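Below is one structure; the comments refer to it alone.
The values are calculated or read from the model by the stated rules, or taken from the named source; none is laboratory data. Please read all numbers here as calculations on a predicted model, not as lab measurements. Quick reminder, even Gly has a Cβ in these numbers, built from the backbone with ideal geometry, and neighbours come from all protein chains shown. For accessibility, only protein heavy atoms count, side chains too; no ligands or nucleic acids. Shrake-Rupley method; radii C 1.70, N 1.55, O 1.52, S 1.80 Å.
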Amino acid sequence: MTREELKHYLAGIAPADHDMIRRITDYQMALAKPPGSLGELEVISERLGGITGRLHNKIEKTRIIVLCADNGVTAEGVSVTPTAVTAAQAVNMTRGLTGMSAIAFAFGCEVQPVDVGIATPYDCDGVLKRVVNPKGTRNLYREAAMTEAECLEALAVGIEMAEKAADDGIDAVGVGEMGIGNTTTSSAILSVLTGLKAEQVTGRGGGLSDEAFLKKKAVVEGAVRRLQPDPEDPLDVLTKVGGLDIAAMCGVYLGCARRRVPVVIDGFISIVAALAAARLCPEARDYMFPSHASYEIGYKAAAEELGLTPYLLLGMRLGEGSGCPIAFQVMKAACAVVNGMQTFSDADINDDYLTDIRKKDSFTV
């Protein structure tokens, strides 16, 4: 994929169907309940309809796509976890043995790990091999994380995974990751895209000592200062201070938007990739659904930039896509309301008493 090919692909992403969103809003008002009383579930059903163009929707067949790659910045001591864990956990995901995959399998959700740059050798047919660089991402503290060609190739891998999900009839996709060191790369991307300082977007990740945490913030700040990525060019940002995993995740968001498939954001790394996708194509945001509020400090800044409020507050910070299978259940609940609930007319209830309430800006009753 070239820059021009990416531009052409993005031009094919259309915004959500706002006429259908208004239709579902009106339908929600006719359901036998106080207006707005189901809160975010009502918003979810409206947004799903805007994606599919249908009043009645379903979230039955789901898949979490986990983009996996190692990050050379771990050489700077920014993570306490050995890099070999990337390969080990990618394999364990195929067996339902990680936190995310255990939850996903319990709900009947598919999990597809994708290797875009795992540096440690492993043997597992269940991990889909789409390797861009077998050594993983370069050390962004010393040099650009990728070449632009590598970044575009990783984006193309993510797009391919989203296109395949659409072809397979997946109702909703979740975006996860596995790559030791990727909270550092995510912090660097977020710092550039928002203009915030390293200390405002950099957390402890998997748990660092005070000394290592100071080093991590210094690495993020130093990388951004030396490489000078252009905040107006998301591809340049991903290339210089990103990662193969994050670039591929970004591609999944874009591919889902192109194919009109709802896509769920996990935690910090996932939402930074979502923000990068939205900067590449603002219409892509219409297809994104936040799952949980990550414990990582930068999550809130990324969510505010996207204008999305997470559905769940569980104190989670595992990553992997662990919030996605839980969010799928919330989305199922939203569909159930529209698909199964009676209207006032069907229930033979006179709803004249709600006339004044419906005129109010707030539906608190």
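Things worth noting here:
- Single condition residue 64 does not satisfy, out of (1) in a loop (DSSP other than H, G, I, E, B); (2) open to solvent by less than 30 Å² (accessible area, probe 1.4 Å): (1)
- When each of 284, 336, 302, 274 is tested for being among the hydrophobic types (A, V, I, L, M, F, W, C), in contact with a Pro (Cβ under 9 Å, 6 or more places away or on another chain) and assigned to a helix (DSSP H, G or I), the lone residue that passes is 274.
- Failed item in (1) among the charged types (D, E, K, R); (2) farther than 26 Å from residue 131 by Cα; (3) touching an Asp or Glu at 6+ places or on another chain (Cβ under 9 Å), with residue 245 passing the rest: (2)
- Check on residue 273, small (Gly, Ala, Ser), under 17 Å from residue 112 (Cβ atoms) and either touching an Asp or Glu at 6+ places or on another chain (Cβ under 9 Å) or surrounded by fewer than 24 Cβ atoms within 10 Å (Cβ to Cβ) (or both): yes
- Answer residue from segment 319-335, given it is under 14 Å from the mean Cα position of the chain (by Cα) and on the phi < 0 side of the Ramachandran plot and is most open to solvent (accessible area, probe 1.4 Å) among those: 326
- Unmet requirement for residue 216, which otherwise passes all of (1) closer than 30 Å to residue 107 by Cβ; (2) open to solvent by less than 10 Å² (accessible area, probe 1.4 Å); (3) among the charged types (D, E, K, R): (1)
- Segment 1-35, subset outside any loop (DSSP other than H, G, I, E, B) and under 20 Å from the mean Cα position of the chain (by Cα), residue surrounded by the fewest Cβ atoms within 10 Å (Cβ to Cβ): 10
- Among residues of segment 112-138, those that are more than 13 Å from residue 69 (Cα to Cα) and in contact (Cβ under 8 Å) with a residue 60 or more places away in the chain, counted: 0
- Helices (runs of 4 or more DSSP H) enclosed by segment 112-207 - at least 1 residues per element that are open to solvent by 20 Å² or more (accessible area, probe 1.4 Å) and hydroxyl-bearing (Ser, Thr, Tyr): 182-194
- Residues in segment 57-82 that are among the small types (Gly, Ala, Ser) and on the phi < 0 side of the Ramachandran plot: 69, 72, 75, 79.
- Restricting segment 288-318 to residues that are polar (S, T, N, Q) and open to solvent by 10 Å² or more (accessible area, probe 1.4 Å), the residue that is nearest to residue 246 (Cα to Cα): 294
- When segment 2-56 is filtered for residues that are on the phi > 0 side of the Ramachandran plot and touching a helix residue (DSSP H, G or I) at 6+ places or on another chain (Cβ under 7 Å), the ones remaining, listed by number, are 36, 53.
- Residue count, segment 67-86 (criterion: in a helix (DSSP H, G or I) and either open to solvent by 50 Å² or more (accessible area, probe 1.4 Å) or over 23 Å from residue 325 (Cβ atoms) (or both)): 6
- Once segment 97-107 is narrowed to residues that are of a type outside the set (Phe, Trp, Tyr) and within 18 Å of residue 266 (Cα to Cα), the residue that is most open to solvent (accessible area, probe 1.4 Å) is 106.
- Verdict on residue 38 being open to solvent by less than 10 Å² (accessible area, probe 1.4 Å), more than 23 Å from residue 322 (Cβ to Cβ), out of contact with any Lys or Arg (no Cβ under 6 Å at 6 or more places or on another chain) and hydrophobic (A, V, I, L, M, F, W, C): no
- Taken over segment 230-271, the criterion of being in contact (Cβ under 8 Å) with a residue 60 or more places away in the chain and not in a helix (DSSP H, G or I) is satisfied by 242, 243, 259, 260, 261, 262, 263, 264, 265, 266.
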